[in-house]
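Below is one structure, written out as structure tokens; comments come after it.
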Amino acid sequence: MSSKELGALILGVIMSWQVIAVTVVLVFYLSLVFSVSRLSRKRRVKKAAARSRPKKLRGPAPMPSRDEATREGEDELGLEEESSG
């Protein structure tokens with residue numbers, strides 16, 4: 001196969017409607033994915049900034065005492081104890 005035949009073959013493949021259609025679909029798909037990713041990142045940054053401001057003003061949240069965290073009849077995981085008999 002000579003270089004002229006190879007060039008014509010490559011040009012024919014690139015200019016086929018299947019290759020053009022797949023390329024267009026991929027461009028639209030990637031554009032959609034990147035735009036959704038960009039919007040999601042902006043929302044996450046705004047939410048994190050909005051959440052961090054009030055905490056700085058209020059200070060750290062108080063830790064519940066061990067007695068309040070575990071109720072009678074429940075262990076540390078919140079599971080009820082089985083009564084025997």
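Numerical summary
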quantity	calculated
Qualifying position, being among the polar types (S, T, N, Q) and either modelled with pLDDT of 65 or more or in contact with a helix residue (DSSP H, G or I) (Cβ under 7 Å, 6 or more places away or on another chain) (or both), among Ser52, Ser84	Ser52
Unmet requirement for Met1, which otherwise passes all of (1) modelled with pLDDT of 80 or more; (2) part of a helix (DSSP H, G or I)	(2)
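A quick yes/no check of all residues on (1) surrounded by 10 or more Cβ atoms within 10 Å (Cβ to Cβ); (2) part of a loop (DSSP other than H, G, I, E, B); (3) on the phi > 0 side of the Ramachandran plot; (4) at pLDDT below 95:
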{"site": "Ile20", "(1), (2), (3), (4)": "yes, no, no, no"}
{"site": "Leu39", "(1), (2), (3), (4)": "yes, no, no, yes"}
{"site": "Lys47", "(1), (2), (3), (4)": "yes, no, no, yes"}
{"site": "Lys56", "(1), (2), (3), (4)": "no, no, no, yes"}
{"site": "Pro62", "(1), (2), (3), (4)": "no, yes, no, yes"}
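The values are calculated or read from the model by the stated rules, or taken from the named source; none is laboratory data. Here the structure is a predicted model, which is why all the values come from computation and not from measurement. Don't worry about glycine lacking a Cβ; one is built from the backbone with ideal geometry, like all the others, and counts go over all protein chains shown.
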